[in-house]
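Report on the structure given below.
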Amino acid sequence: MRPTLYAIVVALVLLTSALFLVVPNAGKTVGSPGAGHGGLRTAALPGYTVYSTPNLDPVLAGYPDSLLYQVLNNTNHGPVTQLSSVTILGHYYNHGLTLLNFPGTPANLGTNPVSNWSFTVPLNASNVFGYFPTFTIWANSTALATNTATNLTVHVGSLQFGISSVCDEVTGNCGSLVSTNPALVTVHAVVVATGAATSAAPSETLKVLYFSTGSSPVTVPNAPLTLTTDTQGYASETFFPNSTIFNVPGPDHTELELIDSVNASATIYTNVSWTDHNPSGNAEFVFWLNSPQYYGGDTVTATWQWRGTNASVGAITLYNYYVWDLTGNGALLASGTPNTVAPTGSFKFALPATYYGTFEVDAYAHNSSDYWFLFADGTADPATVALNPSERFYNPGDTIMVNVATQGTIFASATITAVVEATTSNQQLFNGPVSGDMFQFTVPATAPSSSYHLLAWASTTTAGTFAHFELTITEAHGYSFWAGVSTQSAYSDGSFQAGQTVQVSYRVGTLGTTTLPHTITELLIYPDVYGLTPAYKYVYNLPTSGSISFTIPSGTQNGQQFFFMEVIVGSSFAFADLSVYVNSAPSALNYELGAGSGVTVGWLILLILIVVVAIVVVSMMRSRRKPGTMMMRPTPAPSTPAASDWKESPASGTSGGSSAPPATPPGAQ
């Protein structure tokens, strides 16, 4: 093969390889990311259930969190692999209790049946019970033209903290601070929300200011400005007490201010009682509780420590203590008489199982000549039990998982009993003690009750019943709604262009015993969550299934876009999300020669180049294998010899010229 032909073949091969890089989807049919799917709040995908749990609950406003979701089949609880998409929609209330769309939703989470979704709680999110952020997660199956959903609430909590200890790092004495010695303060931060268990506040950067609580507070100039809590919510920092503030004889009450660095408005306070170092010889005290936050029935530990600085003080006796309710009528909650001369120690008492509010612990000490009063405050929330069913709206035959959440240490010794009973009869689907933190029941497949009442209560042998919870779940009724883009994209990436008109197919189904009407009243398409912006499109009096045209608004951003659809049937309504993949400048190489054919311009160019390469290669191979042609050349005539060179030919016959006479035959003479 000649060098020129080699160069042509190599160039064509390189060009073909480049096209494979430019058109990565060449040779296969690419599924459109814009394929339609519906988002249904109450419908059930046959055989599948969606479960989800938050990573942090409660969580502070302004902080990141995530939720784990799982789409599991109801046969063996294995992950469902036949999903077309998983989508999420969220709402939250602001401080004014106005409903808003949760940032980052609606969103397409992909097709993985088990995954995590990360989010950040809005800084203005409400922490009022009943107004927490809620999410709806849909598992969509285009093949089955239906889907299932689950609802999740994330509790937004408030930050609380307390002082675990304040100790002199030189003397080792806690609560007695010498102005020339470094002091170590340890803070414990927690997140508290009604309806959720208290959790530690890890990795929080907190601003802590120390100041005297006299009539003219003075900020400690050399106090640590920030603390960072560990995984258990604790943080420690060393500082040097200021002699003008801390070198005052006798008991002192010092207040600490904690400012959340993410949410500066969430400023809270706590206090600790101690005795400042007194070089003249009076006793030094510190007195604190083991936690800033308790629940009804919790055991509270109060710790004291003191020392005398000269021998004339004499033995000091911690004689008795009283615990008073500061929220209600000032009732006495607990009391005791340690009557001990130990220089350090603690006593414990249990809050009443049904108690909640603010309380004060007063301790009294004395020696032969003096008398001391110590105090510390604490707060208690109600000990609560809560039920969270996997479905609030059920279909006949559904198996419902119920998570049981508790708040308070008293539940460690308590028995939780649950009952699930039909509201229309005395039929019970569950009745008995709960083992662990979950129980389940199955709704009858035929003739189920229109609703079921779930009830749980907690009790101990000493406190009796101290907490209960109840809710009602109802049979899914009304209408399901599925919608999706039915127009085939002209591009292999499945994209559509802003301003393009597409067909949207839809279908309205029924839930429970609802009867499907002949027509639907109204169908609307919104740019985002219902009610926040005007609808793009209104259509009236449609059949229960069919298609409508929809023009993608001009100016729509590129990427996966979601539109919110609502269908109204009489006085009822249902919702779905519509997913469209927008690409206003698609590559010409991805243009399909016939929408949905999978044959693109890039493929056509590639095919032509392959044919050209094949023709060139075949031509060169044929040229190389063809046999060569034999050339016949004429033989030149012999020249006539000269007379002197003539010789008689030995052969008989005449070949030209003279010859000898023939011999005479015998007998002829």
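Distance between the 7 Å Cα→Cβ label points at T515 and Y371: 8.4 nm.
Does region 320-390 come out rounded, prolate or oblate, given a ≥ b ≥ c as the square roots of the eigenvalues of its C-alpha gyration tensor, rounded meaning a/c under 1.5 and, failing that, prolate meaning a/b above b/c? Prolate, because a/c is 1.5 or more and a/b exceeds b/c.
With the simple spin-label model, which puts each label point 7 Å out from Cα in the Cβ direction, the T424 to I610 separation comes to 6.3 nm. Spin-label pair T465-T399: with each label point 7 Å from Cα along the Cα-Cβ axis, the two points sit 3.0 nm from one another. Amide H contacts for A498 (H built 1.01 Å from N in the peptide plane; partners 5 or more residues away or on another chain; cut-off under 5 Å): N583, S584.
In whole Å, how far is the Cα centre of region 539-612 from that of region 61-100? When both Cα centres are located, 25 Å separates them. Shape of region 325-464 from the C-alpha gyration tensor: prolate (a/c of 1.5 or more and a/b above b/c, with a ≥ b ≥ c the square roots of its eigenvalues). N112's amide H: which non-local residues (gap 5+, or another chain) put their own amide H closer than 5 Å, with H modeled 1.01 Å from N in plane and none for Pro or chain starts? For N112, no residues qualify. With no solvent and one equal point scatterer placed on each C-alpha of region 430-490, evaluate the Debye formula and give log10 I(q)/I(0) for q = 0.15, 0.23, 0.24, 0.30 Å⁻¹, two decimals. So the normalised log intensities work out to -0.71, -1.11, -1.16, -1.35. FRET efficiency for the pair H453 and D230, taken as 1/(1 + (r/R0)^6) with r the Cβ-Cβ distance and R0 = 45 Å, rounds to 0.55. What FRET efficiency do you get for S619 and S584 if R0 is 60 Å and r is their Cβ-Cβ distance, rounded to the nearest 0.05? With R0 = 60 Å, the Cβ-Cβ based efficiency is 0.85. Entry comment: accessible area of region 48-137 is 43 Å² per residue, from protein heavy atoms only and a probe of 1.4 Å. In order along region 451-464, the phi-based Karplus estimate (6.51 cos²θ - 1.76 cosθ + 1.60, θ = phi - 60°) of 3J(HN,Hα) comes to 7, 10, 9, 9, 9, 9, 9, 10, 8, 10, 5, 8, 8, x Hz; Gly and Pro are listed as x.
Using the Karplus relation 6.51 cos²θ - 1.76 cosθ + 1.60 with θ = phi - 60°, the per-residue 3J(HN,Hα) values for region 408-421 come to x, 6, 5, 5, 5, 10, 9, 9, 9, 10, 10, 9, 10, 9 Hz, with x marking Gly and Pro.
Counting only protein heavy atoms and a 1.4 Å probe, tell me what percentage of region 367-510's accessible area is made up of carbon and sulfur.
Carbon and sulfur atoms account for 49 percent of the accessible area of region 367-510.
The values are calculated or read from the model by the stated rules, or taken from the named source; none is laboratory data. All figures in this text were calculated on a predicted structure; none of them were measured in a lab. No Cβ is skipped: glycine too gets one built from the backbone with ideal geometry, and neighbour counts run over all protein chains shown. With ligands, DNA and RNA removed, areas are computed over all heavy atoms of the protein, side chains included. Shrake-Rupley method; radii C 1.70, N 1.55, O 1.52, S 1.80 Å.
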